[in-house]
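Note sheet for the following structure.
The values are calculated or read from the model by the stated rules, or taken from the named source; none is laboratory data. Because the structure is predicted, anything quoted here is derived from the model rather than measured. Reconstructed Cβ throughout: ideal geometry from the backbone, glycine too, with neighbour counts over all protein chains shown.
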Amino acid sequence: MKRSKSVALLAMGASVIALTACDEPQVDALVFDSLQQCLANQDVPREQCEADFQAARSQHAQVAPKYASQQACETDFGAANCETAPQQTQSGGSIFMPLMMGYMMGSMLNRGAGVTPQPLYRSADDAKTYRTADNRTVAKQTGPVQVAKAATRAPTMKTSTVSRGGFGASARSFGTASG
């Protein structure tokens, strides 16, 4: 009897958390696979496409998840979807990160208010969903989207290397040094 009560309480707690997550404020944003896709969109000025793409591209090396091996990176992001990061481990070894698979920018509908341009990634286990470097779900399609406000904040710089699979998981880490 006690077991069924604890299972019921656990289920109720999970429901409350799920409902709370759905209540997060949404904002308008735009998601593109590439700069060319943005430039083809007649609703976005060329200058904004280029500036926001460059902002996302310049953040990519700092905020992308980092891995101690290419195999670990490809486990999370898929074969041929990883690259060598510009940083190295303290011992001079290579670090790997996922390829930038798209970028998010502010929508012209709200004049980009509060949406930081940033790189987007796709994990191997959910290759149709765009995610931020902080592993927040953004969208399954390109173009205008509604995004949780928390996903529009500037991503944080990654200062550790994931040593085993699990995009967004807390795994054992190794410090890195710029190189």
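One residue stands out in the stretch 80-139 among those that are of a type in the set (Lys, Arg) and outside any loop (DSSP other than H, G, I, E, B): the one that is farthest from the chain's Cα centre (by Cα), namely Lys128. Filter the stretch 45-85 down to residues that are of a type in the set (Phe, Trp, Tyr) and under 30 Å from Ser107 (Cα atoms) and give me whichever is surrounded by the fewest Cβ atoms within 10 Å (Cβ to Cβ). This residue is Phe53. Annotation: Gln88 fulfils all but one of (1) touching a Pro at 6+ places or on another chain (Cβ under 8 Å); (2) more than 22 Å from Ala154 (Cβ to Cβ); the unmet one is (1). Among the residues of the stretch 142-153, some residue qualifies, meaning at least one is surrounded by 13 or more Cβ atoms within 10 Å (Cβ to Cβ), modelled with pLDDT under 95, part of a loop (DSSP other than H, G, I, E, B) and within 14 Å of the chain's Cα centre (by Cα).
Checked against the criterion of being of a type in the set (Phe, Trp, Tyr), touching a helix residue (DSSP H, G or I) at 6+ places or on another chain (Cβ under 9 Å) and at pLDDT 90 or above, the candidates Tyr130, Tyr121 yield just one match: Tyr121.
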